[in-house]
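Scroll down for the structure; my scribbles are underneath it.
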Amino acid sequence: MTDRYDPLDAKILRDPYPVLDELRQSKPVFWHEGMGSWALTRYRDCVRVLRDHATFARDPQRTGGTVAEPSLSVQTLDPPQQGHIRSLFMTALRAQDLTSIEARAHCLVRGRLDALAGAGAFDVVSEIAVPLSVAVVADLLGVEPPPYAEFAAISDAIMRSMDGGLDPSLVEPGRIARQQLSDLVDSWFAASARPGLLARVRAAEPGADALVRLYVKNTARVMFQGGYSTMAAAVGNAVHTLLTHPEALHRMRDRVLLGTGVDELVRFDGPVQGTTRVAVRACRIGAVDIRPGQKVVPLFAAANRDPAAFPGADRLVLDRTPNRHLGYGWGPHSCIGTTVAQVGLHALVAALNGSLARLVAAGEGVRRRTATMRAFDTLPVVLRP
């Protein structure tokens, strides 16, 4: 069974959930040769690994590894070391006017839907997901949005490089793309920032030393890239789910169901598929003994369909509460762009419900061949009266 789980196989990319369900029942902790890791499929095991920072490290330096300067960010530090940088960004995030950002995002989607109505089939990814995600993250940070197609290409290379363990040829293009994005972030810090999250971060750390400034800049890069890629993937997945569950969109006209429903869309078919930790010391997960230095991969896609945590896990339950899904990860290493991704999804669903035209599928979508992020390359649709 374990050799059937190839996250880059076309059948798994289309629908990983049946195989993950079988694994959860038959071998919930299994060794995956391609990833060189123990893979976890039960919700409780995944959450345990994400919570236990003393036993499971995200920071390679804790297990004898090194981190290149361009990769030093809040996401490569474990608590408590990451506390100051993460607090700096989260405090700045909480100070932003997310209601106004959502309103502007809603206007953007409505404008694009109006322009696309009657124009025949179009691709959700390039026409809706990419521009919405770039615009919303740029709005949050207070920077000029980069050209949509250009940034999408950079982000795609970075996202694909996350699967470098499965395909080493992806690593170098990802490194080049990260440098391009770092140069863009440097230009934001050199220029006079508009009101937004970056301006607040800069004001809070006026005399920071060189290392702190490096972490801050790299974290800004991670936030832009992570917020964009997570939102773009989530938008494609959400639209696909709504196309196959058309009654759900109508029900989310209810503002209460809009709030819980967006969370459920992310649980049902989330963007982030898993993450990696390294065991700092010997431990046991389920029936498996984990040795120090071995990698462990919590598979979020499997955890989010675990019936022990989510009754009726294979059904779309718009009023599901509580809904502690792992669609964006969990805890201090969750996607730092989670909040803005939710803002974008709220705006998308509200705009679709406000449109006079109805969104319907215009062909089969093509899944992106990536394991870490579940996303569409293309998703053809058409707006009909």
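Where a number appears in this text, it was derived from the coordinates with a stated rule and is not lab data. Model, not experiment: these values are computed from the prediction. Quick reminder, even Gly has a Cβ in these numbers, built from the backbone with ideal geometry, and neighbours come from all protein chains shown.
Quick look at the numbers
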read-out	value
Rh by Kirkwood over Cα pairs, then Stokes-Einstein D for the range 1-158 at 1.567 mPa s and 4 °C, µm²/s	65 µm²/s
Label-reachable residues, the range 202-217, where backbone N falls under 11 Å from a point 7 Å from A95's Cα toward its Cβ	202-206
Within straight-line cross-link reach of K27, aspartates and glutamates at Cα separation under 16 Å, skipping those fewer than 8 residues along the same chain	D3, D6, D45, D289, D306
Gaussian network model of the chain, Cα within-10 Å springs - most flexible of P307, P79, P322	P322
Efficiency of FRET from Cβ geometry, R255 and E33, R₀ 41 Å, rounded to 0.05	0.30
MRE, 222 nm, helices only [DSSP H, n ≥ 4, -39500 (n - 2.57), over the chain, to nearest 500]	-15500 deg cm²/dmol
Ordering of 293-303, 325-335, 143-153 by burial proxy (mean other Cβ atoms within 10 Å per residue, highest first)	293-303, 325-335, 143-153
Residue exposure sequence - Y228, Y43 - by fewest surrounding Cβ within 10 Å	Y43, Y228
Per-selection metrics, the range 230-288 (Cα): Rg and Dmax in Å	16.9, 50
Computed over the range 2-384: relative contact order in percent, which uses C-alpha pairs under 8 Å that are six or more apart	28 percent
Base-10 log of normalised Debye intensity for the range 243-385 (one unit scatterer per alpha-carbon) at q = 0.09 Å⁻¹	-0.35
Under 15 Å from K217, Cα to Cα: aspartates and glutamates that are on another chain or at least 8 residues apart	E69, D183, D186, E205, D209
Order of R221, R251 - criterion: other Cβ atoms within 10 Å of each residue's Cβ, fewest first	R251, R221
Long-range HN-HN contacts of R367 with modeled amide H, under 5 Å	D377
Quotient of Cα Rg and 2.2 N^0.38 Å for the range 311-385, N being how many residues it contains	1.36
Where Rh is the Kirkwood radius over Cα pairs, Rg/Rh for the chain	0.95
For the range 56-136: Kirkwood Rh in Å [reciprocal of mean 1/r, alpha carbons]	16.3 Å
Under 5 Å, built H, 5+ apart or other chain: amide partners of I285	I290
Contour excess over end-to-end distance, with Cα ends at R369 and A190 and 0.36 nm allotted per residue	60.8 nm
